[in-house]
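Presented below is the structure to which this report refers.
Any read-out appearing in this document is the output of simple, stated calculations on the displayed coordinates, not a laboratory observation. Given the structure is predicted, the values throughout are model-derived calculations rather than measurements. Cβ atoms come from the backbone with ideal geometry, glycine included; neighbour counts cover every protein chain shown.
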Amino acid sequence: MTTSSFLEKEELKIIKDLNFNICLQCGKCTASCPLFQRTGLNPRTLMRKTLYFVFPLKTYPPLSLSEIDDVWDCTTCNNCVIRCPRDAKPVETILALRTILVERGNVPSTIREALESIYKLGNPFGISNFKRADWARDLNIKKASSEGKIDLLYFTGCITSYDSRAQNIARSMATALKISEIDFSILAEDESCCGNEVHSLGERGLFEILMEKNIELFQRYAVNKIITTCPHCFNALRNMYRLEDIEVQHHTQFLADLIDKNAIAFSKNIEKRIAFHDPCYLAKHNNIFEEPRRILENVPGAILLELEHSRRNSLCCGCGGGRMWYESPGEVSRPSEDRIKETMDAGAEILAVACPFCLSELEDAVKRMGCEDKLQVMDVAEIMCEAIAGSRI
C-alpha cells in the first residue's frame, strides 16, 4: 500500500481540537447508532483509530483511508452525542474525517455529483435555479426581489422547492399562511441551498460560500424573521449562520404560535389516529418537541398517539447526513422500515412528520413494505392546511 493510502500528519490540523481523546470506549455511541447493525459504521472504533492516529503507538498501524470509508454511512442523527457520557461528540470526529476525504477527493460518486450541482446551481438536483419557485406558480406569493424589504421570509429549501412530493409541504404552508392573512415573501430563484448537508458531508469551503451568499440576501432585503419547513435549513440558519438580529423558526414553531394566539380558524375535522415522528434535526439537534404535538392536538377530530421511541429517543429515518445521495453497499434494510413497523404496531393511520427528508424516506418505506392502504405519511403543515382550508391541497 502506498503512502497516499494513509492519513498524513498534516491532516491532524482538521481533528486536533476534537474531544476524541476523552473517549472511554464504552461503546454507547455504537450501540445507539441506527446504521451499526446495517453497515460497517462503528463510531467507537472510529474514535479509537483516530486517537491512535493522533497519538500513535508502535504496535498500532497507521490509519488508512479504507478504514474510514464507513464515515459516509453516518446519518448525523446525533444519537452518539446524546448517549456519550464524556461529551466526546463522535459525530464531530466523523465529520472531520469526511472533510479529510473530501480534500483528498475520496468521495462516493453520487455525493460528488450532489456537491458539484450545489456549487454550480445552488441545489443538489441539477435543476435550474429559475425553477426554484415553480411550486408557487399559481399561489400569487410575493417575491423578495419585487418587494425591496421584507419582514417575514419563508425560506423554502431545496427539497421542498424541487421534489414533486415535498413541494406539497411548501404549497400547504403557503396556503395556511395566506388563509391566516400572514404577510410573507420568498426568495424564489435568488435562494440557494442552506448548506446544512454540505457541512455534514465535510465540504467546509462550499458551506462558507453558501452561507455568505444567503446572508447577503437576508441583509439586502432587511429580513427580520425567517421560517423554514426543513429542520436541516432551520439548524443551519439558526446554529451555523451568523444571524444576529434575525429570528429563525421552524414552521411547526410558527404554526404553534398562531394557534396559541387564536389566529387559526379550523374548518374541517381530521378524524384520524395520528402519530408524530420527531425528526433528528428538530428533536435531537435542537430540542424542539412540544410545538408539533401542540399543532396536532389542536386539529379537530385528530387523536394524537405517542410512539414508543419519541422525542430525543426517536428513531432516525436514515436520510440525514447526505444519505439522500448515498446508499451503503450491502445495506439490507433501512432505519425507516423500523419506524414504519413501530407506527403500524401503534395503530396510527397517519404518520406525521415535520421534515421533507423524513417525508421522502418514510413514504418510500411505506411503499417498500406494501402498507399504503393502511398508513399515510404527511407533513404537519399538510395536515394543518387541510384542517384550515377544508380540503387537501
Cα-derived Rg over Rh, computed across the range 31-188 with Rh taken as Kirkwood radius:
1.13
For Ile226, enumerate residues with amide H under 5 Å from its amide H, sequence gap 5+ or separate chain, H modeled in the peptide plane.
Leu153, Glu247, Val248, Gln249
Taking amide H atoms as placed 1.01 Å from N in the peptide plane, list the residues 5 or more away in sequence, or in a different chain, whose amide H sits under 5 Å from that of Val377.
Leu351
The range 156-188: trypsin sites (Lys or Arg not before Pro) in DSSP loop, at most 15 other beta carbons within 10 Å
Arg165
Whole Å is fine, so just give me how far the alpha carbon centre of the range 214-260 lies from that of the range 115-152.
16 Å
Report, in listed order, any pair from Lys120/Lys143; Lys131/Lys225; Lys142/Lys272; Lys28/Lys374; Lys178/Lys284 with a Cα-Cα distance greater than 27 Å.
Lys142/Lys272; Lys28/Lys374; Lys178/Lys284
Could you tell me whether the range 135-248 comes out rounded, prolate or oblate from its Cα gyration tensor? Rule is a ≥ b ≥ c as square roots of the eigenvalues, rounded for a/c under 1.5, then prolate if a/b exceeds b/c, otherwise oblate.
oblate
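List Lys367, Lys284 from most exposed to least, where exposure is judged by having the fewest other Cβ atoms within 10 Å.
Values: Lys367 11, Lys284 23.
Going from sparsest to densest Cβ surroundings: Lys367, Lys284.
Pairs of alpha-carbon atoms within less than 8 angstrom and 6+ residues apart define the contacts here; what relative contact order does the chain have, in percent? Kindly include the intermediate steps, with their values, before the conclusion.
On the way: 679 pairs, mean separation 67.0, N = 393.
Relative CO of the chain lands at 17 percent.
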Would you please classify the overall shape of the range 13-84 from the alpha carbon gyration tensor, given that a ≥ b ≥ c denote the square roots of the eigenvalues, rounded means a/c under 1.5, and beyond that prolate means a/b larger than b/c while oblate covers the rest?
prolate
Amide H contacts of Asp278 (H built 1.01 Å from N, under 5 Å, at least 5 apart or other chain):
Arg311
Rounded to the nearest 10 degrees, what's the angle between the helix 43-54 long axis and the longest principal axis of the chain, both from Cα atoms, 0 to 90?
50 degrees
Among Ile350, Cys80, Pro300, pick out the residue whose Cα is farthest towards the positive end of the charge dipole of the chain, where Lys and Arg carry +1 and Asp and Glu carry -1 on C-beta, about the Cα centre.
Cys80
What ³J(HN,Hα) values, in whole Hz, does the Karplus curve 6.51 cos²θ - 1.76 cosθ + 1.60 give for the range 60-68 when θ = phi - 60°, with x put for Gly and Pro?
10, x, x, 7, 9, 4, 5, 6, 10
Sort Val81, Val71, Val377 so the one with the fewest other Cβ atoms within 10 Å of its own Cβ comes first.
Val81, Val71, Val377
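Report for the chain the percent antiparallel among DSSP-assigned beta bridges with both residues inside it, nearest 5.
Numbers: 1 of 22 bridges.
Once the DSSP bridges in the chain are tallied, antiparallel ones form about 5 percent.
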Taking Cα atoms, the helix 204-220 axis meets the longest principal axis of the chain at an angle in degrees (rounded to 10) of 30 degrees
Sticking to Cα atoms, compute the Rg of the chain to one decimal and its Dmax as the biggest Cα-Cα distance, whole number, in Å.
21.4, 72
Rounded to whole Hz, the Karplus (6.51, -1.76, 1.60) HN-Hα couplings of the range 330-339, x for glycine and proline:
x, 5, 8, 8, 10, x, 4, 5, 5, 5
Whether the range 179-338 is rounded, prolate or oblate, judged on the alpha carbon gyration tensor where a/c under 1.5 counts as rounded:
oblate
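Cα convex hull of the range 268-389: mean projected area in nm², to one decimal? Walk me through the numbers before you get to the answer.
Values: hull surface 29.9 nm².
Value for the range 268-389: 7.5 nm².
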With Cα springs under 10 Å, the Gaussian network model of the chain assigns the largest mean-square fluctuation among Glu327, Glu382, Glu197 to Glu327
